1. Taking segment 246-277, which residues are of a type outside the set (Gly, Ala, Ser) and surrounded by fewer than 24 Cβ atoms within 10 Å (Cβ to Cβ)?
2. Can you tell me how many residues in segment 278-298 are open to solvent by less than 10 Å² (accessible area, probe 1.4 Å), within 15 Å of the ligand (Cβ to nearest atom) and among the aliphatic types (A, V, I, L, M)?
3. Within segment 200-213, can you find the residues that are buried (at least 20 other Cβ atoms within 10 Å of the Cβ) and at positive phi?
4. So, in segment 167-199, how many residues would count as being part of a loop (DSSP other than H, G, I, E, B) and buried (at least 22 other Cβ atoms within 10 Å of the Cβ)?
5. Could you pull out every one of the strands (runs of 3 or more DSSP E) wholly within segment 51-150 that has 3 or more residues that are within 16 Å of the ligand (Cβ to nearest atom) and closer than 25 Å to Gly169 by Cβ?
6. Go through the residues of segment 214-225 one by one and say whether even a single one is surrounded by 22 or more Cβ atoms within 10 Å (Cβ to Cβ) and over 26 Å from Thr79 (Cβ atoms).
7. Any chance segment 216-229 includes a residue that's over 24 Å from Asp180 (Cβ atoms), assigned to a helix (DSSP H, G or I) and away from the ligand (no atom under 16 Å from the Cβ)?
8. What residue, among those in segment 160-204 that are β-branched (Val, Ile, Thr) and farther than 24 Å from Ile124 by Cα, is farthest from the ligand (Cβ to nearest atom)?
Amino acid sequence: MKALKRALALLLASILCISFWGCSKPAEETTKETKKETTKETQKEPAKDESQAKTEENAKDDLIVVGYAQVGAESDWRTANTVSFQTTFVEENGYKLIFDDAQQKQENQIKAIRNFIQQEVDYIVLAPVVETGWETVLGEAKEAGIPVILSDRMIDVTDDSLYVAWVGGNFIKEGNDCVDWLAGYLKEQGRENEQINIVTLQGTIGSSAQVGRTKGVEEKLSEHPNWTMLDRQTGEFTQSKGQEVMESFLKSYDDIDVVIAENDNMAFGAIDAIKAAGLDPGEDIIIIGFDAVHAAFEAMIAGDMNCSVECNPLHGPRVAEIIQKLERGETVDKIQYVDEGVFPAETAAELIATRTY
Ligand code: GYE
């Protein structure tokens, strides 16, 4: 249907283009003859202006309209993700992007989706703040015949026809990788049999990134009976909340060996709190983050952070590829994981220049 609509729009645009040539030629000649009158003459040419405007209008009609319900702007990862969408879904690439920042509130995302439906966008992209509570609004999108693509985080629904595809990181694997890296690091230091006390700064409770990373760490903890998870609290994926929670952890426990921050920005907050308490982050307390953003590499080079588990935010081109396939009537993989690595501090200086976010 959409393809047909677009083909018709293109045809109309070409017809208008031809009629534009027809009307404009004599006008050009007139302009040549009465040079001094150029401005006036141009103003007197409603046929040219109208057809030009219509051609532009039709070219715009031809764009694929994408509504993106973004989580917010809580972290460096999120900023890179927004930039990835804003630089991919541009007119030169055939898109019009309607961007909505939900400020980490699900109710705002639901409102944004309803607006997208009202505006009859071609596709809805959703990075869901939390996993639950999407049935009603995504049911409305389905009813309106608008395909929904999930990016970054997942939703928890029984009816998976509510979205056409999902692309993002494997958060459980990231949690597993975090524990495996820590085990190897402690072994290198000859501390594998020591009592190790850990605290976790969790992400937004109920978000896939939090649920998956917490689970990924938890399922591997049993392999290390000498490790104790002293406490877990949310730092909402922000640096300031991460710092606040870390300050309270430091007041409650005087024997913290490891901080697992479920994103790098909370790790940066924890680093500040640890320094303010007179301790040396990266030395006295091992700091692990997730995302592997540029600033984490800087913190590792500075010796403040020990490791960051990668989570790639550059989903714009991945979602565009899904849309292009759907436009061509091809089938797409429903679940698409992005490959991700682990970056310990000793690799940071060498790799920082290669990091794209
Ligand atoms: O790790 C965090 C962000 O959902 C993977 O959200 C994303 C997470 C990312 O705010 O920094």
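1. Glu247, Phe249, Leu250, Lys251, Tyr253, Asp254, Asp255, Ile256, Asp257, Val258, Asp272, Lys275
2. 4
3. Matches in segment 200-213: none.
4. So the first thing to find is which residues in segment 167-199 are part of a loop (DSSP other than H, G, I, E, B), and the list is 169-170, 189-195.
Adding the requirement that they be buried (at least 22 other Cβ atoms within 10 Å of the Cβ) leaves 169.
Matching residues across segment 167-199 total 1.
5. Working: elements: 64-70, 95-101, 123-126.
The strands (runs of 3 or more DSSP E) meeting that bar are 64-70.
6. Scanning segment 214-225, I find no residue that is surrounded by 22 or more Cβ atoms within 10 Å (Cβ to Cβ) and over 26 Å from Thr79 (Cβ atoms), so the answer is no.
7. no
8. Here is the first cut: in segment 160-204, the ones β-branched (Val, Ile, Thr) are 164, 167, 172, 179, 196, 198-200, 204.
Checking the rest, the ones that are also farther than 24 Å from Ile124 by Cα come to 172, 179, 196, 198-200.
Working: Ile172: 13, Val179: 17, Ile196: 24, Ile198: 19, Val199: 18, Thr200: 14 Å.
By that ranking, first place goes to Ile196.
The values are calculated or read from the model by the stated rules, or taken from the named source; none is laboratory data. All of these numbers come straight from a predicted model, not from anything done at the bench. Cβ atoms come from the backbone with ideal geometry, glycine included; neighbour counts cover every protein chain shown. Only protein heavy atoms, including side chains, enter the accessible area calculation; ligands, DNA and RNA are left aside. Shrake-Rupley method; radii C 1.70, N 1.55, O 1.52, S 1.80 Å.
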